[in-house]
Amino acid sequence: MAEYSGYTQGTTYHIVCDSTHVGLDNEIEKLTRDLDHSISCWDSLSLVSKFNRSASGIFVDQYFVEVFMLSKRIHNETEGAFNPAIYPIKQFINAPPVAKNDSTTKKTMTVDSLLRFTRFSDITLNTNASDSLGKGSKFVAKRHPKNGLDFQGIAQGYTADMVSKLLDSKNIANYMIQVGGTTRTKGTDWHKKNWETSLDKPTPAGELRVIESIVPIGENAVSITGDYRESYEKDGKRFNTSIDPTTGKMTENTLLNAYVFAPAAAEAEAYATAFMVMGAGKSTQFLSKRKELKAYLISSGFDKDFLTWMSPELQKQIEQSK
């Protein structure tokens with residue numbers, strides 16, 4: 001099998017496939033570069049970066065449109081837990097400290113004052129707009145100059161989906177695409193076995209990693225969000241560091257890791273991102289109504305203990321693969 005590696009969406013990608021296509025490496029590199037130029041906040045010249053700097057919006061490409069529309073759908077389904085429009089608050093939190101003698105308006109800004117600029121409904125898509133040449137085009141508009149988008153919770157998965165589409169177009173039957181913490185697979189690996197991923201059994205800090213289960217991915221995707229080893233502790237419990245879009249502050253829920261399996265990588269990543277905001281309780285309720293999604297969740301218990309939850313469908317899948 002051939003292997004291809006590189007950088008995209010602020011992280012690395014690794015692809016394994018049974019391809020003999022000449023020039024496939026160049027096609028993959030071009031595709032990931034095009035995606036970076038569209039939806040990556042890590043690229044200062046990308047369309048999403050230009051949109052964030054714009055006063056009222058910009059014309060966008062099809063990649064942007066697809067990610068935007070999928071983001072809107074999952075935003076609505078998760079009642080706002082997934083919200084790329086949180087960009088202004090993330091920028092504020094990650095900005096360097098302001099000097100005491102700085103008299104700019106930034107000094108007086110607070111997270112609360114920025115919340116009104118994080119309404120996803122204030123950002124709209126017009127697919128029948130006309131550009132400067134009078135040609136039909138796609139325009140994403142914002143209500144306020146401070147409105148912005150951050151696709152980091154979906155872009156890696158979408159990139160994996162687009163690479164999958166490229167490989168499918170060349171009739172490549174077996175592949176594994178990994179972009180950051182999101183993986184999409186099809187067919188079998190080197191040994192003619194199903195592609196698999198492992199689920200961690202949480203262990204105390206300093207102890208070696210322990211595998212809870214090995215899960216066949218099949219023709220699906222899995223996204224891993226969070227890290228129970230990098231959580232913070234408060235009042236004897238560990239909490240994740242996700243930002244709640246409704247408050248602009250850390251969620252302070254005890255869900256530390258979310259492994260989400262879905263038919264598409266973008267969906268897996270976006271739902272995993274949302275679950276870290278929703279917490280284990282709301283996430284399990286959501287999953288009970290969405291049988292196409294499967295998950296393994298790691299939460300903090302009392303006295304530095306951990307709690308785990310697994311979708312019944314995922315448990316059944318593991319047992320059948322043994």
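The values are calculated or read from the model by the stated rules, or taken from the named source; none is laboratory data. Given the structure is predicted, the values throughout are model-derived calculations rather than measurements. For neighbour counting, all protein chains shown are included, and Cβ atoms are generated from backbone atoms with ideal geometry for every residue, glycine included.
Yes or no, residue by residue, for (1) in contact (Cβ under 8 Å) with a residue 12 or more places away in the chain; (2) over 19 Å from Thr185 (Cα atoms); (3) not polar (S, T, N, Q):
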| site | (1), (2), (3) |
| --- | --- |
| Glu3 | yes, no, yes |
| Thr8 | yes, no, no |
| Tyr13 | yes, no, yes |
| Thr20 | yes, no, no |
| Leu24 | yes, no, yes |
| Arg33 | yes, yes, yes |
| His37 | no, yes, yes |
| Leu45 | no, yes, yes |
| Ser49 | no, yes, no |
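From the list Ala274, Ala280, Ala266, which one is within 30 Å of Ser113 (Cα to Cα), assigned to a helix (DSSP H, G or I) and modelled with pLDDT of 95 or more?
Just a single option satisfies the conditions, and that option is Ala274.
Which of the residues belonging to the stretch 40-58 are out of contact with any Leu (no Cβ under 7 Å at 6 or more places or on another chain) and either surrounded by 18 or more Cβ atoms within 10 Å (Cβ to Cβ) or farther than 16 Å from Ile123 by Cα (or both)?
Residues satisfying the conditions are Ser40, Cys41, Trp42, Asp43, Ser44, Leu45, Ser46, Leu47, Ser49, Gly57.
Could you tell me whether the stretch 133-148 includes any residue that is assigned to a helix (DSSP H, G or I) and either among the aliphatic types (A, V, I, L, M) or modelled with pLDDT under 95 (or both)?
No; the residues of the stretch 133-148 include none that is assigned to a helix (DSSP H, G or I) and either among the aliphatic types (A, V, I, L, M) or modelled with pLDDT under 95 (or both).
Could you check the stretch 213-256 for strands (runs of 3 or more DSSP E) lying wholly inside it with 2 or more residues that are within 18 Å of Tyr271 (Cβ to Cβ) and modelled with pLDDT of 75 or more?
221-226
Quick one: is Lys192 of a type outside the set (A, V, I, L, M, F, W, C), exposed (fewer than 13 other Cβ atoms within 10 Å of the Cβ) and in a helix (DSSP H, G or I)?
Against the criterion (of a type outside the set (A, V, I, L, M, F, W, C), exposed (fewer than 13 other Cβ atoms within 10 Å of the Cβ) and in a helix (DSSP H, G or I)), Lys192 does not qualify.
All but one of (1) surrounded by fewer than 18 Cβ atoms within 10 Å (Cβ to Cβ); (2) within 26 Å of Thr12 (Cα to Cα) hold for Ala155; state the number of the condition that does not hold.
Going through (1) surrounded by fewer than 18 Cβ atoms within 10 Å (Cβ to Cβ); (2) within 26 Å of Thr12 (Cα to Cα) one by one, Ala155 breaks only (1).
Kindly establish whether Tyr87 is aromatic (Phe, Trp, Tyr), over 29 Å from Thr247 (Cβ atoms) and within 20 Å of the chain's Cα centre (by Cα).
No: the conditions fail for Tyr87.
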